Amino acid sequence: MTAMHTCDPSLSVQLIHITHRYPAVTALEDVSFGVEPGTLFGILGPNGSGKTTLFRILSTLLHPSSGTACVAGHPTTRNPQAVRQHLGVIFQQPALDMDLTISENLYFHGALYGLHGNELLTRVNHVMELFSLTPRASSRVGTLSGGLQRRVDLARGLLHHPNILLLDEPTTGLDPLARREFWDALAMLRKRTGMTMLVATHLMEEAEACDRIAILHKGKLVAVGIPEELKAQLGEETLWIETPDPQALAQKLQTLYELDIRIVGKRLQISHPEAHRLLGQLYEKFGDDILSATIRRPTLEDVFMVLTGMEQELAPITEES
């Protein structure tokens, strides 16, 4: 029998020593953090890091192997119906019938939540107005652009007036313009409602927009905090050196300098208050060992690579993506 921990009712979402094992893999291992009300909270990690499993647990679709997940003070396994009343969920793919119109989809999903009559009509009209969908109410969803489908899906998730919204890779498959439009819709929603939002993503730009983030890697929580504070842990500027033998070069540098050196794949990451001056000295003494070097302000990608020791697995947003 798994021990049940006590939920903190002051937190919108709380994970207490969550572990989940599938037959062949451990998807989450001893993950704990809390989300304050009104926070835009990002779950950042590459595919396979455990983000979707975490959201399935929070949305009551999956019981964790051990630990306690809480939503609005309710344990997800003990009181799932109360949890669902607080949650709106936006999945990786729109949960819409492509053959129905916008309004038909919304009426259908509202009915699944037990809404009917004037209350259902009022709520459908409200969410369509909120996301500027009213002029397209009679359009079949399958004829809409990906960005517009996402707005309909967001409207669907809000019909039952949740105060916590889970968004699992919500911009998957959208072009850069549609991504921006979707995030603009979220910003407008937050401003109007103060809703708590959890966004699972592998995109740097989306994580940067969050108030706080948790970084997952192979099911483990490797960091949690404000993006700027996490980046500041690496210093004002960081020096990245690509070298054929990072272990050997790191040992050479340690014999001459007192440096904070981390090995990440085939590169060394060095934090130093005078990175430009240091780079000149390193080229002078070890130029033959250096394939390339870059000095830049730390990014969330750097934080991920330093904490996990892995090369880039997280995707920046580019105009071509």
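Assorted remarks:
- Applying the condition of being assigned to a strand (DSSP E or B) and at pLDDT 95 or above to segment 44-73 and asking which residue is surrounded by the most Cβ atoms within 10 Å (Cβ to Cβ) yields Val71.
- Residue check for Thr143: of a type in the set (Val, Ile, Thr) and within 25 Å of Glu36 (Cα to Cα): no
- The requirement of being of a type outside the set (Ser, Thr, Tyr), out of contact with any strand residue (DSSP E or B) (no Cβ under 9 Å at 6 or more places or on another chain), surrounded by 11 or more Cβ atoms within 10 Å (Cβ to Cβ) and at negative phi is fulfilled somewhere in segment 254-265, by at least one residue.
- Every residue from segment 54-92 that is within 13 Å of Ala200 (Cα to Cα) and in contact (Cβ under 8 Å) with a residue 40 or more places away in the chain: Leu54, Phe55, Leu58, Val89, Ile90, Phe91, Gln92
- Whichever residue in segment 144-162 is aliphatic (A, V, I, L, M) and assigned to a helix (DSSP H, G or I) and, among such residues, is surrounded by the fewest Cβ atoms within 10 Å (Cβ to Cβ): Leu148
- Flag if Ala95 is touching a strand residue (DSSP E or B) at 6+ places or on another chain (Cβ under 9 Å) and either in a helix (DSSP H, G or I) or surrounded by fewer than 20 Cβ atoms within 10 Å (Cβ to Cβ) (or both): yes
- Filter result for Ala24 (assigned by TED's automatic domain parsing to the domain that holds Gly110 and free of Cβ contacts under 8 Å to residues at least 24 places away in the same chain): yes
- Candidates Leu221, Leu216: the one that is touching a Ser or Thr at 6+ places or on another chain (Cβ under 6 Å), among the aliphatic types (A, V, I, L, M), buried (at least 17 other Cβ atoms within 10 Å of the Cβ) and modelled with pLDDT of 90 or more is Leu216.
The values are calculated or read from the model by the stated rules, or taken from the named source; none is laboratory data. In this text the structure is predicted, and so the values were computed from the model without any measurement. Every residue, glycine as well, gets a Cβ built from its backbone with ideal geometry; the counts of neighbours run over all protein chains shown.
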